[in-house]
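Structure first, commentary second.
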Amino acid sequence: MLQRLFFIGLRLLIYFLVLSFVWVVILKFVPVWVTPYMISRKMEAITNDEDSELHHDWEPYENISKEVALAVVASEDQNFPHHWGFDFGEIYDAMTEKRKRARGASTISQQVAKNVFLWHGRSYIRKGLEVYFTILIELIWDKERILEVYLNVAEMGKMTFGVEAASLRYYKKSAKNLTRYEAARIAAVLPNPIRFSIKNPSAYVNKRTGQIVRQMRYLGGQKYIADL
């Protein structure tokens, strides 16, 4: 019986590895129209009797202002062009830093792995799968594709996914025409896009926007991400 269970488990593992590999390869070329997180947010809104309309417009990387790409790198993951999916320095700092509330140390690659392939939540299983999918996309996709997907699937406002949808809703223009300050404000709400607003920014969002603009300048502007 134990031997039979072992071979069943081994077979399931092989199926999972093959299917996940194929899935990641396909999404290297195909737009990501929907993610598990989008579905969960919609179901949550329906359950709470709230507006459940999803706002999501996929745009290829070349049609998105590079100021937005730079803004999210400057605010979320400044080592993104250089690491292989994990920023171990940030992880160490997050684990050893004494704060009342633990801060995150997820890279853009990890956030893409979580948003596109997994569910949100805290468990060792989900975290292990996040590590696995992060390694896969770093091996199979290039940095530009990872950033392109992030810019298209991250929640940037309540029920608003991707920079194009956020730009159209809050700035009434396409993401390719966003200014540096507008891009920085979008990046400023990413830690909590449900609580923070692009349209009606709080004092915190305005302060963080200014900090991101300064970081974008410190990194050297768009040339910092020119060779992804």
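The values are calculated or read from the model by the stated rules, or taken from the named source; none is laboratory data. These numbers were taken from a predicted model, which means no experiment stands behind them. Cβ atoms come from the backbone with ideal geometry, glycine included; neighbour counts cover every protein chain shown.
The set of residues in region 117-159 being out of contact with any helix residue (DSSP H, G or I) (no Cβ under 8 Å at 6 or more places or on another chain), hydrophobic (A, V, I, L, M, F, W, C) and within 25 Å of Glu62 (Cβ to Cβ) consists of Leu139 alone.
Considering only residues in region 168-204 that are among the β-branched types (Val, Ile, Thr) and surrounded by fewer than 18 Cβ atoms within 10 Å (Cβ to Cβ), the one that is modelled with the highest pLDDT turns out to be Thr179.
Step by step: first the residues of region 128-167, then only those that are aromatic (Phe, Trp, Tyr) and under 14 Å from Pro31 (Cβ atoms), then the one that is surrounded by the fewest Cβ atoms within 10 Å (Cβ to Cβ). Which residue is that? By that ranking, first place goes to Trp141.
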